[in-house]
Amino acid sequence: MTEHETTPRHYRIAIIGTGFAGLGMAARLKRAGLSDLVLLERAEDVGGTWRDNTYPGAACDVPSHLYSLSFAPNPGWSRSFSGQREIWEYLRGVAEDEGIRRHIRFGCEVRSCRWDDGGNRWSIRTSGGTITAQFLVSGAGALCEPSLPALPGLDAFGGTVFHSARWDHEHDLTGRDVAVIGTGASAIQFVPQIQPEVGRLHLFQRTPPWIIPRHDRDITRAERWLYRTLPFTQSIARRSIYWGRESYIFGFVKNPNLLKGVEAISRAHMRRQVRDPRLRARLTPDYRAGCKRILLSNDYYPCLERPNVSVVTDGIAEVREKSVVTRDGTEREVDTLIFGTGFHVSDLPIADRIHDAGGVSLTRRWGDDPQALRGTTVAGYPNLFILAGPNTGPGHTSHVFFIESQINYTMAALRHACRNRIDRLDPRPEAQAAYVEQVRRKMRGTVWVTGGCDSWYLNSQGRNVTLWPGFSWEFALQTRRFDPHNYHLRKEGPIRRFPSRAGR
Ligand code: NAP
């Protein structure tokens with residue numbers, strides 16, 4: 001389809017993105033017999049965040065057996081916590097094995113989606129032309145748009161600048177004077193990797209994270225053989241990791257005081273790895289563990305005591321052509337600035353590109369207070385499903401589990417539409433409001449709002465719009481079935497070509 005064609009190609013379902021969400025959704029649809037679908041991918045390969053985050057040391061801090069699609073297990077994981085490359089290869093394998101590649105338009109960036117009320121379809125303008133689709137699924141994810149702080153003077157910096165999610169592999173760091181800004185999940189992984197090669201490393205820490213040991217190990221050949229030969233053994237491993245992680249919710253949601261245990265583990269870890277008590281004091285958080293993501297690392301603390309590393313806790317006042325100046329007036333000469341400053345999350349970037357029939361974008365509708373029924377569907381935006389939507393993130397377990405729950409919900413909705421000849425599903429505003437209120441009630445008292453920290457989980461009013469406040473199985477139960485009574489449903493002629501076996 002080109003810009004000049006007049007009748008856009010129509011699909012039953014259009015999916016934005018080819019990370020875990022987009023590929024998982026496409027795989028489930030294809031398994032259900034539906035192949036009238038297209039995936040729109042702005043890059044030249046699949047993989048989402050696991051394609052983009054190639055920084056040194058990039059790895060997942062959720063064990064591999066759990067951090068994968070339940071219906072596409074990988075008996076070949078080489079480590080208990082897989083690295084970026086292996087997870088990316090896994091996703092490429094899923095795209096291949098499930099026959100999804102031929103449905104993907106690569107290099108095709110979604111510019112604007114608008115609900116066409118008369119045509120009862122989504123009109124989707126992309127860099128490769130316009131298409132239409134009856135249903136639109138966003139698998140664009142929350143961790144895709146890097147967030148760069150607007151530091152005064154940054155434009156005048158004469159050296160090399162990049163974000164951890166857009167690592168500049170052409171830039172040789174050997175002997176460089178580097179400033180790293182941020183001490184979150186990404187930075188604590190790449191800082192120990194680059195420290196041995198750089199000249200000086202100034203690590204600008206605004207808030208220290210709680211860090212506990214990372215129990216990583218090789219998965220033996222015998223184990224891999226076992227998982228391949230007797231797949232149920234991998235399923236047992238997956239379940240035991242899953243239930244172990246669920247126990248965190250007692251601290252995160254039910255009684256944050258229980259998280260003092262995690263703080264004790266972290267303090268002991270720091271005492272073993274950092275000799276200088278003054279440095280330990282600066283690395284010790286003053287908020288309850290879990291309020292921000294609890295991080296795992298065995299090599300971060302030791303590297304902070306290397307002679308070429310300084311941990312800077314004074315705030316950054318400005319950036320100059322060859323230096324970074326802190327509020328106490330100290331100027332540090334650097335030639336490379338690396339931002340480990342996270343992503344736009346509560347201001348979901350794709351929301352700016354999805355419009356209702358009147359042209360109002362989700363961003364305008366939401367502000368920074370995104371709301372959706374079961375984190376997935378939005379009143380006024382019919383036939384839209386947002387994977388990784390508001391309050392569907394985990395603070396304790398695999399995000400893939402939540403994505404799969406939303407995929408189950410989307411499949412159930414589509415199955416209902418198919419069986420009942422419904423061509424429009426639009427959540428009732430009152431049902432959406434009641435759901436959002438229920439989530440907010442559950443959020444009260446959680447460590448994310450009472451733990452004494454500021455985090456990217458919270459919006460400008462201090463509301464956690466990112467995480468699910470409960471056990472992940474509660475979310476799975478809530479999304480297991482479609483709830484037609486919560487929707488305005490429009491019946492129209494038979495929906496042709498939609499397979500009646502659109503089951504799970
Ligand atoms: P992040 O956790 O949001 O950390 C950003 C860091 O940058 C924080 O230390 C933050 O300080 C700092 N920062 C932000 N703006 C700043 C400013 N203007 N001045 C100084 N410091 C500033 O980002 P991330 O490390 O990229 O991780 C994002 C998310 O990606 C994680 O929470 C996690 O969900 C995911 N992730 C997962 C893994 C994994 O192993 N599965 C690995 C990497 C990332 P404050 O704390 O003070 O805001």
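The values are calculated or read from the model by the stated rules, or taken from the named source; none is laboratory data. Keep in mind the model is a prediction, meaning the values are calculated, not measured. Because the Cβ atoms are built from the backbone with ideal geometry, glycine has one as well, and the counts that use them run over all protein chains shown. Heads up: the accessible areas ignore ligands, DNA and RNA and are worked out on the full protein's heavy atoms, side chains in. Shrake-Rupley method; radii C 1.70, N 1.55, O 1.52, S 1.80 Å.
Charges at C-beta only: +1 for Lys and Arg, -1 for Asp and Glu. How large is the resulting dipole of the chain about its Cα centre, in Debye rounded to 20? The calculation lands at about 2140 debye.
At a Cβ-Cβ separation cutoff of 4.7 angstrom, cysteine residues of the chain with no neighbouring cysteine are CYS60, CYS108, CYS113, CYS144, CYS303, CYS418. Magnitude of the charge dipole for segment 268-394, about its Cα centre and with charges confined to Cβ atoms of Lys, Arg (+1) and Asp, Glu (-1), is about 600 debye. About its Cα centre, segment 385-504 has a charge dipole of approximately 620 debye under the convention of +1 per Lys or Arg Cβ and -1 per Asp or Glu Cβ, with nothing else charged.
Residues within the reach of a label modelled at THR54 (point 7 angstrom out along Cα to beta-carbon, backbone nitrogen below 12 Å), restricted to segment 82-108, are 85.
Were the residues from ARG441 through ARG280 laid out at 0.36 nm apart, the gain over their Cα-Cα distance would be 54.2 nm.
Farthest toward the positive end of the dipole of segment 402-448, out of TYR435, ILE403, ILE422, is the Cα of TYR435, where the dipole comes from beta carbon charges about the Cα centre. Measuring between their Cα centroids, segment 439-469 and segment 27-92 lie 28 Å from each other.
Local charge sum around ASP177 (other residues, Cβ-Cβ under 11 Å, Lys/Arg +1, Asp/Glu -1)? Don't jump to the answer; show the numbers that get you there.
Details: positive: ARG176, ARG200, LYS322, ARG332; negative: GLU333, ASP335.
Once all neighbours under 11 Å are counted, the net charge is +2.
Across segment 426-431, coupling constants 3J(HN,Hα) worked out from phi with the 6.51/-1.76/1.60 Karplus curve, θ = phi - 60°, read 9, x, 6, x, 5, 5 Hz, and Gly and Pro carry x. Sequence-ordered 3J(HN,Hα) estimates for segment 456-468 from the Karplus curve with 6.51, -1.76 and 1.60 and θ = phi - 60° stand at 6, 6, 9, 8, 5, 8, x, 8, 7, 9, 10, 9, 8 Hz, glycine and proline given as x.
Each part gets one Cα centre, and for segment 258-291 versus segment 165-192 those centres are 24 Å apart. Note on the chain: dipole from Cβ charges, positive end direction compared against ILE181, LEU66, LEU201; the farthest Cα belongs to LEU66. Accessible surface for segment 343-399, divided over its residues, is 27 Å² per residue with a 1.4 Å probe.
Farthest towards the positive end of the charge dipole of the chain, among the residues GLY48, PHE339, HIS10, is the Cα of HIS10, using unit charges on the Cβ of Lys, Arg, Asp and Glu. For segment 174-274, with all protein chains in place and a probe radius of 1.4 Å, 56% of the accessible heavy-atom surface sits on carbon or sulfur. The base-10 log of I(q)/I(0) for the chain, evaluated at q = 0.07, 0.08 Å⁻¹, reads -0.40, -0.52 [Debye formula, identical scatterers on Cα atoms, solvent excluded].
Using 0.36 nm per residue and subtracting the Cα-Cα separation, the extra length available between THR229 and TRP243 on full extension is 2.6 nm.
The simple spin-label model puts a point 7 Å past each Cα toward its Cβ; for ALA357 and ASP314 those points are separated by 6.0 nm.
For segment 133-283, a Kirkwood radius taken over Cα pairs fed into Stokes-Einstein (20 °C, viscosity 1.002 mPa s) yields D = 106 µm²/s. Phi-derived couplings, Karplus 6.51 cos²θ - 1.76 cosθ + 1.60 at θ = phi - 60°, listed residue by residue for segment 174-180: 4, x, 6, 9, 10, 10, 10 Hz, with x used for Gly and Pro.
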